[in-house]
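The values are calculated or read from the model by the stated rules, or taken from the named source; none is laboratory data. Computed from a prediction, not measured in an experiment: that's the story for all the values here. Neighbour counts run over all protein chains shown; Cβ positions are idealised from the backbone, glycine included. Only protein heavy atoms, including side chains, enter the accessible area calculation; ligands, DNA and RNA are left aside. Shrake-Rupley method; radii C 1.70, N 1.55, O 1.52, S 1.80 Å.
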Amino acid sequence: MEKLSGGDMLIRALHDEGVEIIFGYPGGAALHIYDAIFNQDKVDHVLVRHEQAATHAADGYARATGKPGVVLVTSGPGATNAITGIATAFMDSIPMVVISGQVTRDAIGSDAFQETDMIGVSRPVVKHSFMVQKAEDIPGIVKQAFHIAVTGRPGPVVIDIPKDVTDPGEKYPYEYPETIKIRSYNPPTKGHSGQIKKAVEILMNARKPVIYSGGGVIQGEGATLLTELAKTLEFPVTNTLMGLGAYPATDKQFLGMLGMHGTYEANMAMHESDVILAIGARFDDRVTNSDVSKFCPDATILHIDIDPASISKTVTAHVPIVGPVEPVLKEMIDQVKASNQKVDKEALDAWWQKIDHWRERQCLAVTPAEGDIIKPQEAVQALYEATNGQAYITSDVGQHQMFAAQYYHFDLPRRWINSGGLGTMGFGLPAAMGVQLAFPDATVACVTGEGSIQMNIQELATCKQCALPIKILNLNNEALGMVKQWQDMQYGGRHSASTYADSLPDFVALAESYGHTGIRIEKRSELQEKMNVAMAMKDKLVFIDVAVDQNEHVYPMAIKGGAMSEMFLSKTERT
Amino acid sequence: MRRIVSVLMENQPGALSRVVGLFSQRNYNINSLTVAPTEDPTLSRLTLTTVGDDRKIEQIIKHLNKVVDVAKLVDLTEGSHIERELMLIKVKATGAQRAEVKRICDIFRGDVVDVSPTMYTIQLTGTSEKLDGFIQALAGTTILEVARTGVSGIARGEKILTL
């Protein structure tokens, strides 16, 4: 059998696992591993400028491809810097394997230089973690780590490796296991047929149904089946922020996003529904609003999820179905087609009429600002036009994120990449790097704000080094827009620590100093044309700094403590 | 309501901290906790007592099941079961107190396992309620130290918690 050092074993194991690219940053405890990377050419390494960006880039790669993202960092600060990105992936159930260097085995616990208890620090934000005790264990642990990261409800897995375990001078027999069985870990592989049957019977008798689907449908490769089910039943569909793209946004059965900044029609339909089919969604507080007792009072809730702990956590499910989305939806479609019951066409027609009536309210209509001022929504619309709706869009967190979700209509899954659960500012640019590296020829745009982009702006250097032609759309309102919006609405307009207009960088010059192209757009009349020019620069990273209306709020917006039907529709209107 | 949950998990470093961490992370209570390897040294059995309404207990059970190191678990309080806790208690035993303490100890079927001129160390086994009762019965004496193991339990009859 071939003999390898621990460091070589690790990289070989990653290759044998099918890993093509890892995102990382070197440091003392990881140097043996970095030497192993240097000595081979099968696994690429992308050098980021901050470990948080490595995790977000791997995360973006994972969301866009469905394959696990891989991160390599050193011990101590390298490991702790990765934590925010690990937590981001954990909250959104993204498969990721994070390898962290650790001080040598004999130094662990001695407060050695750059020592941190990574297993302990990461514990609440990982699906599982491993501390490698000896080099011979590396192939088995890597195999287990990937198996755990991608199966069941996916999530990040940490492998912490003491430096001496990767010593190039000590070699051990290497063999990568083909299969793995973990006796204490057996995620469900199919749903309960009896429960699916029960759910189908309720669906066939529904008079005011809604399909509410979340990120699980995308993660579980269920988008095509979701569309087939919805088309077969002719039911309306709403997606969560994480689920956008699981159902084609331009289809007439799509109601838009639901929840805090969901559309009027989606939230009204949820509230008045008699049956909700929740698929891969978790009744998050940004969907249900804070008081779940007011949530959809007349609805019978059918809930499909791979994680039993997500079912009946906040809202009680009448028919829980634990299982992976794909086989469950397949069986459900088969049962619907074989059913001798028919959906009440008349009731469904009346329901659609009601929905069309809600749609007439045109809750997302944009009223142009006075003069030549650009509304942030218009900037997203211009991006949609310039990219024919075909781009991969990453975003940061705040108003721009909601505008992107509302105005960029995603027809395909894995095209909308944002931090929904943790809400991590600084996610967008590094995530876009991961997407662009996975799909070098695709158009990848990062919709961001001047607040979020500054949280990982250093990655412009990584983009230069890797020649990534990302398009950054900076909706620049010279303030932390969402914070300011809440302060306007709930704190009497006291803008505590949310403005910094006098200290913003010149983003065009900043982008240029990193070797990229910068464009500033200030006039509505020039918006589309300049956007088209920027998007046509296929080989360049273009930083598009758009001066937008500084007083704009995101609407609709759920009224705190209310039911789903209670929303602000503009600064002056509410339901 | 008080629950006793028994968990079979991998006897590996880090497994216990994952279970305990889950409780603090999700704001669940742990009233007592005991853990030791089973007849199979690769498996540990952990028994904990907690309180919560049905919804909370359901979430606790589901989240414990999600911990990768957890192989199997059971809520013993769902069925008929035996629960035991062991207590070592040091009490002052001088003068008239000396005979009185011994008498109470006999009533509770405790054993005096260590004796000094001024104190007794008593070992007592039973349900937590019985142990609490014993402490209350000793109200008239000076309790110097208490060491309790926390609850361990097992289902009655044919029901077995095994892989």
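Within the range A:160-212, being touching a residue at least 60 places away in the same chain (Cβ under 8 Å), out of contact with any Lys or Arg (no Cβ under 9 Å at 6 or more places or on another chain) and within 14 Å of chain B (Cβ to nearest Cβ) holds for A:160, A:188. The residues of the range A:361-377 that are surrounded by fewer than 24 Cβ atoms within 10 Å (Cβ to Cβ) and either touching a Lys or Arg at 6+ places or on another chain (Cβ under 9 Å) or at positive phi (or both), listed by number, are A:362, A:366, A:367, A:368, A:369, A:371, A:372, A:373, A:375. Close contacts from the range A:114-125, counting a first residue that is at the interface with chain B (Cβ under 7 Å from one of its Cβ atoms) and a second that is of a type outside the set (Gly, Ala, Ser) and open to solvent by 40 Å² or more (accessible area, probe 1.4 Å), with Cβ to Cβ under 6 Å and a gap of 6+ residues or different chains, come to A:119/A:131; A:124/B:25.
When residue B:60 is tested against the conditions (1) within 14 Å of chain A (Cβ to nearest Cβ); (2) not in a helix (DSSP H, G or I), the lone failure is (2).
This table checks each residue for (1) over 23 Å from the mean Cα position of the chain (by Cα); (2) assigned to a loop (DSSP other than H, G, I, E, B); (3) not basic (Lys, Arg).
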position: A:297; (1), (2), (3): yes, yes, yes
position: A:303; (1), (2), (3): no, no, yes
position: A:313; (1), (2), (3): no, yes, no
position: A:330; (1), (2), (3): yes, no, no
position: A:333; (1), (2), (3): yes, no, yes
position: A:341; (1), (2), (3): yes, yes, yes
position: A:351; (1), (2), (3): yes, no, yes
position: A:368; (1), (2), (3): yes, yes, yes
position: A:380; (1), (2), (3): no, no, yes
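Number of residues in the range B:1-45 that are within 14 Å of chain A (Cβ to nearest Cβ) and under 15 Å from the mean Cα position of the chain (by Cα): the value is 2.
Going residue by residue through the range A:423-431, is there one that turns out to be over 17 Å from the mean Cα position of the chain (by Cα) and crowded, with 16+ Cβ neighbours inside 10 Å? No.
Residues of the range A:75-98 that are closer than 14 Å to residue A:122 by Cα and surrounded by 24 or more Cβ atoms within 10 Å (Cβ to Cβ): A:75, A:78, A:79, A:82, A:85, A:86, A:88, A:89, A:96, A:97, A:98.
From the list A:262, A:245, the lone residue that is out of contact with any helix residue (DSSP H, G or I) (no Cβ under 6 Å at 6 or more places or on another chain), open to solvent by less than 10 Å² (accessible area, probe 1.4 Å) and farther than 24 Å from residue A:59 by Cβ is A:262.
Looking at the structure I just gave you, is residue B:132 assigned to a strand (DSSP E or B) and either in contact with an Asp or Glu (Cβ under 7 Å, 6 or more places away or on another chain) or more than 30 Å from residue A:123 (Cβ to Cβ) (or both)? Taking the combined requirement at face value, the residue does not satisfy it. Among strands (runs of 3 or more DSSP E) entirely within the range A:1-49, having at least 2 residues that are under 27 Å from residue A:432 (Cα atoms) and open to solvent by less than 80 Å² (accessible area, probe 1.4 Å) singles out A:21-24, A:44-47.
Screening the candidates B:48, B:88 for the property of being in contact with a strand residue (DSSP E or B) (Cβ under 6 Å, 6 or more places away or on another chain), more than 22 Å from residue A:123 (Cβ to Cβ) and away from every other protein chain (no Cβ under 13 Å) yields one hit, B:88. When restricted to residues that are among the β-branched types (Val, Ile, Thr) and surrounded by fewer than 16 Cβ atoms within 10 Å (Cβ to Cβ), the range B:57-100 contains 2.
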